[in-house]
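Participant: Take a look at the following structure, please.
The values are calculated or read from the model by the stated rules, or taken from the named source; none is laboratory data. All of these numbers come straight from a predicted model, not from anything done at the bench. Neighbour counts run over all protein chains shown; Cβ positions are idealised from the backbone, glycine included.
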There are 2 protein chains.
Amino acid sequence: MHLFFAPDFSVEWPFLPEEEARHALKVLRLGTGDAVHVTDGRGNFYEATLAGTDVKKCRLAVRRHEPESGKRGFSIHVAVAPTKNTDRTEWLVEKCVEIGVDQLSFVLCERSERRHFNPDRVEKIAVAAMKQSLKAYLPQLGELVPLRDFLKRTPAGHKYIAHLVEGERQLLQRVAPPGGAYCVLIGPEGDFTPGEVAAALERGFVPVSLGESRLRTETAGIVACHILNLVNSQPA
Amino acid sequence: MHLFFAPDFSVEWPFLPEEEARHALKVLRLGTGDAVHVTDGRGNFYEATLAGTDVKKCRLAVRRHEPESGKRGFSIHVAVAPTKNTDRTEWLVEKCVEIGVDQLSFVLCERSERRHFNPDRVEKIAVAAMKQSLKAYLPQLGELVPLRDFLKRTPAGHKYIAHLVEGERQLLQRVAPPGGAYCVLIGPEGDFTPGEVAAALERGFVPVSLGESRLRTETAGIVACHILNLVNSQPA
C-alpha cells in the first residue's frame, strides 16, 4: 500500500502535491486507475485512485474517506534535548512516530552540547515515518526552545521528567494512568542540572525512572514513548 | 565512570588489552592511580586503579571484584532478519544491548534482502553499547544462519514469533510470564512467508503481536526486547 502525504487534500480538492505526484508517477510508475492512499496528517485518510497523470496537477478520485483514522484516547508528548549527534535525534523522531507519538518538542538545556537544530529535516523524517507506518496523524513538531521557556508554557495533563539526579523516582509505567494526556521530558547526554530538575518539579513534573538500564538520550525518549503506548494497550 | 572491556581480565591477570589501554592512556590521558572500571563481558565487574602506563602491558590494581554483576532472573534472546540497510540492524543491536538483551541471533529468511552480514562490526557495536550502558554482560552474538537451520536447534524456553501473516495473535506483554527464558523471532522487511511461520509454529513458537502500529524490522526487535524487560520490571 502506498500512502501519500497531502496536507491540503480534501474530497473537494483531491490533488497530490507535486513532489508526491512525481513519486507516484515517475518513481512508482503508477497510472490512471491505480489505487493509492492519502492522508492530510490531521487524521483524514483517503482511499483513492489516480484520475490523471499530470505531475503538476495530479487529480485523484476518492473512493472512501475516513476522518479521525486511528484516533486514540490518549496523547503522548515527548520533549527532549537534541543529541550531540544529529542522527540520534533523527532516529528518535522516526521511532517515536512509528511507535506512536502526538507531539515532539526540543528543548535546550544547560548541558546541551547541540544548540542548533534543523526543523525541516525533522519534519521530513516524521512525514516519512508517518507514511511508512501508515498513520493518518503527523505529530506536532516544535522548534528548539530553552527549557526555561518550555516550562513557562507548561502543557496540561500528566507531566513527567526522566532524570538521573538523586532522589525518589517511580517507574513511569507505574505512575502513568491509562487514557491520559502525557508529557515526558528527557534530558541531554549530561543529564539535567539539579536546578533544571527543581524548576520542572515546581511546574508539576513528576520524577520518573525508565528502568534499571542506563540509556542514551534517544533511547530514553523511545522507551518512554513505548511505555506510555503500552500503558494504553488494550486489556487482555 | 569509564568502563573498559577486557575479555581475559581477572584478579590474577589484571591487564587491559592494548586497544583499551591506548584509549585510557592516550585518549582519556589517565595516569597511575586513576580509577577505572573493567568488565570481562561475562558478568565480572572490577573497580580498579591504573598501576602502570605501558600501553602494551597496562596493569591495574583491583580494588573490588563483583562477580555476576547485574545478573537477572530471566533471559532475552532476539532473533532477527538483518535489514536491507545495515545501519538499521546496527542500531537494533545498540538499542537492545542498552535496554537489556542476553542473546542476538541473525536469521536469513526467504524474503531477506540482505544476505551478507559483518559479525565483527556487530560485535564492536555490542561492546561499545555494553560499555556505554555500564553492563557487565556482553550478549551472545550469532552469525547469520538460514531460518530453517535456526529452527532446527530451537532454543528452550518461551518462544515467540512476531509476524504479520493473518491469524490470531496475542500481545507479547500478555503471554510472556515474568522470569522466563524468552526467544522472539522478528522477520525481514517483507515479513515471514506463510511457510516460515508454519515451520516456526511447528517448533513451538507462539505467534504474538507487538501492538497496533506497523513497525519496521529494527523497531519491532527493540520493542519486543523492551516489552520482555518491562514484563520483568520490579513490582510496584
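Participant: Of all residues in the stretch B:39-85, which are of a type in the set (Val, Ile, Thr), closer than 30 Å to B:Val197 by Cα and within 14 Å of chain A (Cβ to nearest Cβ)?
Facilitator: B:Ile76, B:Thr83
Participant: For the stretch B:152-161, give me each residue that is surrounded by 19 or more Cβ atoms within 10 Å (Cβ to Cβ) and either aromatic (Phe, Trp, Tyr) or modelled with pLDDT under 95 (or both).
Facilitator: Of everything in the stretch B:152-161, just one residue is surrounded by 19 or more Cβ atoms within 10 Å (Cβ to Cβ) and either aromatic (Phe, Trp, Tyr) or modelled with pLDDT under 95 (or both), namely B:Tyr160.
Participant: Tally the residues that are facing chain B (nearest Cβ under 10 Å) and under 16 Å from the mean Cα position of the chain (by Cα), restricting the search to the stretch A:208-222.
Facilitator: Residues flagged as facing chain B (nearest Cβ under 10 Å) and under 16 Å from the mean Cα position of the chain (by Cα) within the stretch A:208-222 amount to 4.
Participant: Among what's in the stretch B:119-144 and is surrounded by fewer than 21 Cβ atoms within 10 Å (Cβ to Cβ) and out of contact with any Leu (no Cβ under 9 Å at 6 or more places or on another chain), pick the residue that is nearest to the other protein chains (Cβ to nearest Cβ).
Facilitator: B:Ala128
Participant: Can you tell me how many residues in the stretch B:135-151 are modelled with pLDDT under 95 and either of a type in the set (Lys, Arg) or part of a loop (DSSP other than H, G, I, E, B) (or both)?
Facilitator: So the count comes out to 0.
Participant: A further question follows. Is there a residue being within 14 Å of chain A (Cβ to nearest Cβ) and under 23 Å from the mean Cα position of the chain (by Cα) anywhere in the stretch B:192-207?
Facilitator: no
Participant: Identify, please: which residue in the stretch A:162-179 is touching a residue at least 60 places away in the same chain (Cβ under 8 Å) and out of contact with any Gly (no Cβ under 6 Å at 6 or more places or on another chain) and is, among those, surrounded by the most Cβ atoms within 10 Å (Cβ to Cβ)?
Facilitator: Here the residue is A:Ala162.
Participant: Follow-up. Is it the case that B:Pro188 is away from every other protein chain (no Cβ under 14 Å) and farther than 18 Å from B:Phe106 by Cα?
Facilitator: Against the criterion (away from every other protein chain (no Cβ under 14 Å) and farther than 18 Å from B:Phe106 by Cα), B:Pro188 does not qualify.
Participant: Condition test on B:Arg63, is it farther than 30 Å from B:Gly190 by Cα and among the basic types (Lys, Arg)? Full working, then the answer.
Facilitator: Working: farther than 30 Å from B:Gly190 by Cα: yes; among the basic types (Lys, Arg): yes.
Here the answer is yes, as B:Arg63 does meet what is asked.
Okay, residues lined up against (1) in contact (Cβ under 8 Å) with a residue 24 or more places away in the chain; (2) closer than 28 Å to B:Pro177 by Cβ:
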| residue | (1), (2) |
| --- | --- |
| B:Phe117 | yes, no |
| B:Asp120 | no, no |
| B:Lys131 | yes, no |
| B:Ala136 | yes, yes |
| B:Pro139 | yes, yes |
| B:Arg148 | yes, no |
| B:Lys152 | no, yes |
| B:Tyr160 | yes, yes |
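Participant: Now for a different question. Would the stretch A:102-110 turn up any residue that is more than 20 Å from A:Gly187 (Cα to Cα) and surrounded by 17 or more Cβ atoms within 10 Å (Cβ to Cβ)?
Facilitator: For the stretch A:102-110, residues more than 20 Å from A:Gly187 (Cα to Cα) and surrounded by 17 or more Cβ atoms within 10 Å (Cβ to Cβ): absent.
Participant: Could you please give the count of residues in the stretch B:223-236 that are modelled with pLDDT under 95 and more than 8 Å from every other protein chain (Cβ to nearest Cβ)?
Facilitator: The qualifying residues number 1.
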